[in-house]
Structures are given as structure tokens and as C-alpha cells.
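Everything below concerns the one structure shown next.
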Amino acid sequence: MSNELTDRKFWANYWESKTGLAFQVPANYTFHQLFKKLLAEKPIKSAIELGGFPGYYAIFLKKYFGLETSLFDFYVHEPILKEVLAANQLTPQNVKVIEGDLYKHEPQEQYDLVLSCGLIEHFNDTKDIIARHLTFLKPGGTLFITLPNFTGVNGWVQRTYDMDNYNKHNINSMNPALLAAYCKELGLKDVEAYYYGHFSIWLENMKQQSGLTKGFLKALWFAGKVFTKVVPVESKGLSPYIVVKAVR
């Protein structure tokens, strides 16, 4: 069995089907509070985003924190990348781009911060893909990984309305305790792994859904938001993300 649940063709079709990709990455972009806290705690000067095309987090860290940032992915659509950079008043010279295969690439440098947001869940061998991150990480550097949580309400939404997308994800990887154990087995320190966010649901194929389905999902989204505002819990059932942080 291949370790990868997606391939280059999948991502080429995925990004070419998307619209509205070139927007200004806001200061309150997803996980901004976690990044702000992390950068206040440690002297981080360089960062690389793995599997992150079109590089929203590399752009975010460059734009708001002045880090030297790089983007690594095995599929880079140059015209889209240029549009996204331009929308953020940046040029290709501001963010280093490396197009390559994580299973073949030998890093020429290491970084203070290695991050991926929505990468590891597309591989069958979760421990191995985490280990691939470490080849880019300096000793004493910080590993920061996020992935969606499809084991609760959002997972039900995916299974019910977009099974094809659901099948592109390794659901077994969406387990904070398991992720923490893998990090410790790989020799990482100060390991944290937890559910993050109060509530959200989404669909990649929302535009193709019927009006009735869209109305139902909007009502479900609203009800979840109201509930978690009253009861601000982060849990397996309701949180949309999982976060992993550790030090090499």
C-alpha cells in the first residue's frame, strides 16, 4: 500500500479548481494566537511550511513577524503563488519556495520552526511523516503541526456529504494521544497534542450541494457556534482541529 493518500494529479486538480485564492492573509488568521504565543516564548528567526502551497502560513509569519520563511511542497502552481504573494505585498524573493518530494528531498538547511497545517493526515504512516519534518528542524527548534479533526461532528459532515474527500484522509491519525506518543518515540521534548477550536464544519464541495443541504449545514454551523460560545469546550466531538507542538 502506498503511504500517500493523494498524488500530484489530485493536488493539481484541487488547486486549479479553486477560486479566490489570492487574498490578504489577515493578522487574525487561523492559529494566530498560538503562533503569537510561540514566538513570544522563543527566539525564532526562520521557519519552513511543509506541504503548505500556496503558503498562507509562510506568508503570515513573514508579513506579521518578519521571519525568514520558506515553503516546501511537491506541487507548486507558479501563477497562483505569484498572485497570492502579490495580494500580500510580497514577491517571490520574499518567501523561498522549494518544490520536491518529502521522501526524496535532502534539506540543505535547517530551521528554528518547522510547521505543517493539513499535511500529515494525507499519509498512511503517521509516525514516518512526522519524522520527515524533523530533517528540516534545528536541534532545539520547534515542531508545529495542525490537522483537521474528522472524528466528531465535522467528520460526520464529511462522510455524509463528501465521502471522496473523507477517504483522502487518514482518520486514525486524528488522535492527540497517538500523535503525542509518536513525537516522544521520535525523541522530541515538551510534547503537546490537543483538540483545538470550539466548533466549525466545512465542505470542499459546498458549492455542489443542494439548497436544502446548504441550509441544513448553515443551521448546524450556527447551532454549534452558539453552543460552544455558551460552553467554550475543546473536544473530540466538536473541535475542528488538532494541534501538535514539540521541541527537538
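The values are calculated or read from the model by the stated rules, or taken from the named source; none is laboratory data. All figures in this text were calculated on a predicted structure; none of them were measured in a lab. Here Cβ is always computed from backbone atoms with ideal geometry, including for glycine, and neighbour counts include all displayed protein chains. Just the protein is used for accessible areas: all its heavy atoms, side chains included, with ligands, DNA and RNA removed. Shrake-Rupley method; radii C 1.70, N 1.55, O 1.52, S 1.80 Å.
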Original post:
Hey, if we sort H198, H169, H133 by accessible area with the 1.4 Å probe, largest down, what's the order?
Top reply: H198, H169, H133
Original post:
Quick one: with all protein chains in place, what share of the accessible area of the stretch 146-248 is carbon or sulfur, to the nearest percent (1.4 Å probe)?
Top reply: 58
Original post:
Which number comes out as Rg/Rh for the stretch 1-68 once both Rg and the Kirkwood Rh are worked out on C-alpha atoms?
Top reply: 1.06
Original post:
In terms of solvent-accessible area of protein heavy atoms at a 1.4 angstrom probe, what is the ranking of K236, K127, highest value first?
Top reply: K236, K127
Original post:
With Rg and the Kirkwood Rh both taken from Cα atoms, where does Rg over Rh land for the stretch 1-118?
Top reply: 0.96
Original post:
What lysines sit close enough to K63 to cross-link, taking a C-alpha to C-alpha distance under 16 Å and skipping anything fewer than 8 places away on the same chain?
Top reply: K36, K45, K82, K96
**OP:** Output the antiparallel fraction of DSSP beta bridges having both residues in the chain, as a percent to the nearest 5.
**Re:** 40
Subject >> the stretch 98-144 - percent of accessible surface contributed by carbon and sulfur, probe 1.4 Å >> reply: 44
Subject >> Contour minus Cα-Cα distance for T160 and K214 (0.36 nm per residue) >> reply: 18.1 nm
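Just how large is the dipole of the chain about the Cα centre, in debye to the nearest 20, putting +1 at every Lys and Arg Cβ and -1 at every Asp and Glu Cβ?
Working: 27 positive and 24 negative charges, 156 e Å.
Charge dipole, the chain, about its Cα centre: 740 debye, nearest 20.
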**OP:** With the convex hull built on the Cα atoms of the stretch 104-248, state its orientation-averaged projected area in nm².
**Re:** 9.7
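Give, in whole angstrom and from largest to smallest, the semi-axes √(5λ) of the equivalent ellipsoid of the stretch 122-178, with λ running over the eigenvalues of the Cα gyration tensor.
Computed over the stretch 122-178, the values are 27, 11, 9 Å.
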Original post:
Between H32 and K189, how many nm apart are label points set 7 Å from Cα along the C-beta direction?
Top reply: 3.3
Original post:
Within the stretch 120-214, how many Lys pairs sit with Cα atoms under 24 Å apart, leaving out pairs fewer than 8 places apart on the same chain?
Top reply: 8
**OP:** Roll a 1.4 Å probe over the protein chains and send me the accessible area per residue for the chain in Å².
**Re:** 49
Original post:
Separation of the stretch 125-178 and the stretch 18-46 by C-alpha centroid, Å?
Top reply: 19
Original post:
What do you get for Rg/Rh over the chain if you use C-alpha atoms and the Kirkwood form of Rh?
Top reply: 0.95
Original post:
Quick one: length gained pulling L178 to K42 fully straight, 0.36 nm per residue minus the C-alpha distance?
Top reply: 46.4 nm
Subject >> the chain: calculated mean residue ellipticity at 222 nm from DSSP helix runs of at least 4, using -39500 (n - 2.57) >> reply: -11000 deg cm²/dmol
Subject >> Extension gain from K225 to D125, taking 0.36 nm per residue of separation minus the Cα-Cα distance >> reply: 32.7 nm
Original post:
Counting pairs of Cα atoms in the stretch 62-159, how many percent are more than 16 Å apart?
Top reply: 65
